[in-house]
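Down below is the structure, laid out as structure tokens.
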Amino acid sequence: MPEFRSLNSKDIDEVMRVWNSLSEHYDHPIGGDWNAKKLYQEIQSKKSLAVFNNENRLEAFVFYVDMDDIKEITLLVTDLRQHRTGAMRSLIRSLISDLNVDEKIWLEVHAGNLPAIGLYESLGFKICGERLSYYNDGAKALLYEYNGSEG
Ligand SMILES: CC(C)(COP(=O)(O)OP(=O)(O)OC[C@H]1O[C@@H](n2cnc3c(N)ncnc32)[C@H](O)[C@@H]1OP(=O)(O)O)[C@@H](O)C(=O)NCCC(=O)NCCS
């Protein structure tokens, strides 16, 4: 059975393995300039949800900030070998199922990141804004939200 849990600092090697599986795979920036130090800080400073397989290998993870009535996702990644197996859908659905009716999930995405956009729209996220020339390649960011009242 897969295990769902938050990340801790002992998971940094697995987080880096997953990150390295895809960091050179895309020609658009993935949500910022991530490296080992920043990912380690993220584990320590943000909330997270991750799924591990039977062999305790990390398949996918999400970092988010939990504010009063908003959960803002800062990074979500699935191991390249696990793409399109439903790993990230299960993590985001878990966050959605914990939302109260007056809570929202926010995130932003590079306008060219079609896999991520496909994921968010399939889960019922709606565009709520955009930031022009937001990424270092000049692309805009699309802002998405999910309202707990929709659940
Ligand atoms: C975006 C990402 C997290 C999706 O993770 P995933 O675990 O492969 O997604 P899932 O298997 O849970 O897919 C769920 C749904 O999302 C959509 N989706 C996922 N990948 C897609 C793709 N390549 N093209 C179009 N839609 C896609 C589909 O609707 C899919 O459902 P389906 O397979 O039944 O059609 C993954 O592609 C990834 O790690 N990308 C690199 C990191 C990144 O860009 N993160 C987002 C910015 S921080």
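No value in this document is a laboratory result; all are computed from the given coordinates. Worth saying up front: this structure is predicted, and the values here are computed from it rather than measured. Glycine also receives a Cβ, built like all others from the backbone with ideal geometry; neighbour counts cover every protein chain displayed.
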So what J values fall out for the stretch 66-80 if you push phi through Karplus, 6.51 cos²θ - 1.76 cosθ + 1.60 with θ = phi - 60°, rounded to Hz, Gly and Pro as x?
9, 9, 3, 10, 10, 10, 9, 6, 9, 7, 9, 9, 10, 3, 3
Can you give the helix-only mean residue ellipticity at 222 nm for the chain, where every DSSP H stretch with n ≥ 4 adds -39500 (n - 2.57) and the sum goes over all residues, rounded to the nearest 500 deg cm²/dmol?
-8000 deg cm²/dmol
When the Kirkwood radius is taken over all Cα pairs of the stretch 23-92, what Stokes-Einstein diffusion coefficient follows at 20 °C and 1.002 mPa s, in µm²/s?
162
The set of residues whose placed amide H lies less than 5 Å from the amide H of GLU103, leaving out same-chain residues fewer than 5 positions away, is GLY148, SER149
Using modelled backbone amide H atoms (1.01 Å from N, in-plane), which distant-in-sequence or interchain residues come within less than 5 Å of THR74's amide H?
PHE63, TYR64, VAL65
Antiparallel as a % of all DSSP beta bridges within the chain, to the nearest 5?
90
I need the trypsin sites (Lys or Arg not before Pro) found in the stretch 81-119, filtered to DSSP loop residues with at most 16 other beta carbons within 10 Å of theirs.
ARG84
Taking just the C-alpha trace of the chain, give me its Rg and Dmax in Å.
14.8, 43
For the chain, the count of lysine pairs 8 or more apart or interchain whose alpha-carbon atoms are under 25 Å apart comes to 25
Per DSSP loop assignment and a cutoff of at most 15 other beta carbons within 10 Å, the chain keeps its longest run without exposed GluC sites (Glu not before Pro) at 56-151
From the phi angles alone, apply the Karplus equation (6.51, -1.76, 1.60; θ = phi - 60°) to the stretch 140-145 and give each ³J(HN,Hα) in whole Hz, x where the residue is Gly or Pro.
8, 9, 9, 9, 10, 9
Separation in nanometres of the label points that stand 7 Å from Cα toward Cβ, at ALA36 and ILE70
3.4
Using Cα-Cα distances under 8 Å and only pairs 6 or more residues apart, what relative contact order does the stretch 3-150 have, in percent?
21
Kindly point out which whole DSSP H helices in the chain project their C-alpha atoms 15 angstrom or further along the helix axis while averaging a Kyte-Doolittle hydropathy of -1.0 or above.
12-22, 87-97
